[in-house]
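A.B. asks: Provided herewith is a single structure, encoded as structure tokens, for subsequent inquiry.
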Amino acid sequence: MINRVTLTVDDIPIVGELHLPEGGGPHPAVCICHGIPSGKPRDPADGGYPELAARICREGFAAFIFSFRGAGESGGNFDLSGWARDLTAVIDYLWALPGLDRAHLSLLGFSGGAAVAIYTAARDKRVSGVAACACPAEFTFLNELDEPHKVIDHFRSIGIIRDASFPASVEAWLGGFNEVRPIDHVAGIAPRPLLLVHGDRDETVALSHARRLYEKAGEPKQLAVIDGAGHRLRQNGPAIRQVSLWLKNHCQASA
């Protein structure tokens, strides 16, 4: 069963889908957090996040996918601090649903979405565990900025900053990247479990980011390095198998 969901956060519509497995509950839940859109055309053969949600649902999990503000069918403009508020609202929604197992509400994030997942989980004890794929330890591009407006112009050109008057403050908008820095928050997930999945050929976020996060994180933690994999782990079979196995083990271990 697939239910379409629209939440309102900061007066912005946040659109998602809840994939529910067959049979009675309560079902463990997985909230999937997409990365920052690249603006590149998607392969027509790529089923996107709905395909991933369906796969996780077949494993017996309630899977929730949604578009952060500025992306997909959701409204608003790309803003990393705003993404954290979006995710908290999604957790509020899932927490209130009958038929879901509150003891097993995991976050599965990719790249920028993984960063937001770590930041949010460290602050929200309702999250039972985090699987972070291709996650940056920090947003290193901030160290190279000499003209901040070029970053905003890029996101405007790919359609995730939509309003001409946004952001009202460039400094505050850039500050969101520093606020969410995973390396500053990853230790706060323990004693809940953390899985880090990273490709050894990631062309966007170097493997060293995952190693830094793993070193800073508390137990229990696991680092899975995927041989030959690049940045887009959602499409990588071995990476998603690692995630599926971890989700099942996580639920069994804490049952």
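The values are calculated or read from the model by the stated rules, or taken from the named source; none is laboratory data. From a predicted model like this one, the values you see are computed outputs, not experimental measurements. FYI the Cβ positions are ideal-geometry reconstructions off the backbone, even for glycines, and counts take in every protein chain you see. Only protein heavy atoms, including side chains, enter the accessible area calculation; ligands, DNA and RNA are left aside. Shrake-Rupley method; radii C 1.70, N 1.55, O 1.52, S 1.80 Å.
Let's see how each residue does on (1) modelled with pLDDT under 95; (2) out of contact with any Cys (no Cβ under 9 Å at 6 or more places or on another chain); (3) acidic (Asp, Glu):
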position: Leu174; (1), (2), (3): yes, yes, no
position: Ile189; (1), (2), (3): no, yes, no
position: Pro193; (1), (2), (3): no, yes, no
position: His198; (1), (2), (3): no, no, no
position: Arg201; (1), (2), (3): no, yes, no
position: Arg211; (1), (2), (3): no, yes, no
position: Val243; (1), (2), (3): no, no, no
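A.B. asks: May I ask you to verify whether Gln222 is farther than 15 Å from Ala187 by Cβ, without any contact (Cβ under 8 Å) to a residue 40 or more places away in the chain and not in a loop (DSSP other than H, G, I, E, B)?
C.D. replies: In short, yes.
A.B. asks: If you scan region 124-155, which residues turn out to be more than 30 Å from Ser244 (Cβ to Cβ) and not in a helix (DSSP H, G or I)?
C.D. replies: The answer is Leu145, Asp146, Glu147.
A.B. asks: Tell me whether region 179-189 contains one or more residues that are open to solvent by 80 Å² or more (accessible area, probe 1.4 Å), out of contact with any strand residue (DSSP E or B) (no Cβ under 7 Å at 6 or more places or on another chain) and part of a loop (DSSP other than H, G, I, E, B).
C.D. replies: Scanning region 179-189 turns up no residue that is open to solvent by 80 Å² or more (accessible area, probe 1.4 Å), out of contact with any strand residue (DSSP E or B) (no Cβ under 7 Å at 6 or more places or on another chain) and part of a loop (DSSP other than H, G, I, E, B).
A.B. asks: Can you tell me how many residues in region 58-71 are open to solvent by 20 Å² or more (accessible area, probe 1.4 Å) and at pLDDT 95 or above?
C.D. replies: 1
A.B. asks: Can you find even one residue in region 79-96 that is open to solvent by 10 Å² or more (accessible area, probe 1.4 Å), within 21 Å of Leu174 (Cα to Cα) and in contact with a Lys or Arg (Cβ under 7 Å, 6 or more places away or on another chain)?
C.D. replies: Checking region 79-96: at least one residue is open to solvent by 10 Å² or more (accessible area, probe 1.4 Å), within 21 Å of Leu174 (Cα to Cα) and in contact with a Lys or Arg (Cβ under 7 Å, 6 or more places away or on another chain).
A.B. asks: Can you confirm whether region 197-208 contains a residue that is more than 21 Å from Leu142 (Cα to Cα), free of Cβ contacts under 8 Å to residues at least 40 places away in the same chain, part of a loop (DSSP other than H, G, I, E, B) and open to solvent by less than 50 Å² (accessible area, probe 1.4 Å)?
C.D. replies: Among the residues of region 197-208, not one is more than 21 Å from Leu142 (Cα to Cα), free of Cβ contacts under 8 Å to residues at least 40 places away in the same chain, part of a loop (DSSP other than H, G, I, E, B) and open to solvent by less than 50 Å² (accessible area, probe 1.4 Å), which makes the answer no.
Table: residues versus (1) in contact (Cβ under 8 Å) with a residue 60 or more places away in the chain; (2) over 16 Å from the mean Cα position of the chain (by Cα).
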{"site": "Arg4", "(1), (2)": "no, yes"}
{"site": "Ile14", "(1), (2)": "yes, no"}
{"site": "Glu17", "(1), (2)": "no, no"}
{"site": "Glu22", "(1), (2)": "no, yes"}
{"site": "Val30", "(1), (2)": "yes, no"}
{"site": "Cys33", "(1), (2)": "yes, no"}
{"site": "Tyr49", "(1), (2)": "yes, no"}
{"site": "Cys57", "(1), (2)": "no, yes"}
{"site": "Arg69", "(1), (2)": "yes, no"}
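A.B. asks: Kindly indicate which of Ser106, Ser128 is surrounded by fewer than 24 Cβ atoms within 10 Å (Cβ to Cβ) and modelled with pLDDT of 95 or more.
C.D. replies: Step by step, each of Ser106, Ser128 is checked, and only Ser128 is surrounded by fewer than 24 Cβ atoms within 10 Å (Cβ to Cβ) and modelled with pLDDT of 95 or more.
A.B. asks: Looking only at region 209-235, count how many residues are closer than 16 Å to Ala137 by Cα and open to solvent by 50 Å² or more (accessible area, probe 1.4 Å).
C.D. replies: Total satisfying the criteria: 7.
A.B. asks: For region 27-39, what are the residues that are surrounded by 12 or more Cβ atoms within 10 Å (Cβ to Cβ) and over 22 Å from Val243 (Cα atoms)?
C.D. replies: Correct list: Ser38 only.
A.B. asks: Mind checking which residues of region 1-26 are surrounded by 19 or more Cβ atoms within 10 Å (Cβ to Cβ) and touching an Asp or Glu at 6+ places or on another chain (Cβ under 6 Å)?
C.D. replies: Val9, Ile14
A.B. asks: Moving to a separate point now. Return the residues of region 135-155 that are open to solvent by less than 60 Å² (accessible area, probe 1.4 Å) and hydrophobic (A, V, I, L, M, F, W, C); say none if nothing qualifies.
C.D. replies: Cys135, Ala137, Phe139, Leu142, Leu145, Val151, Ile152, Phe155 - these are the residues of region 135-155 that are open to solvent by less than 60 Å² (accessible area, probe 1.4 Å) and hydrophobic (A, V, I, L, M, F, W, C).
A.B. asks: For region 10-123, give me every one of the helices (runs of 4 or more DSSP H) that falls completely inside it and has 2 or more residues that are in contact with a His (Cβ under 9 Å, 6 or more places away or on another chain).
C.D. replies: The qualifying helices (runs of 4 or more DSSP H) are 48-58, 112-123.
A.B. asks: Any residue in region 156-175 that is among the polar types (S, T, N, Q), out of contact with any helix residue (DSSP H, G or I) (no Cβ under 9 Å at 6 or more places or on another chain) and either assigned to a loop (DSSP other than H, G, I, E, B) or surrounded by fewer than 12 Cβ atoms within 10 Å (Cβ to Cβ) (or both)?
C.D. replies: yes
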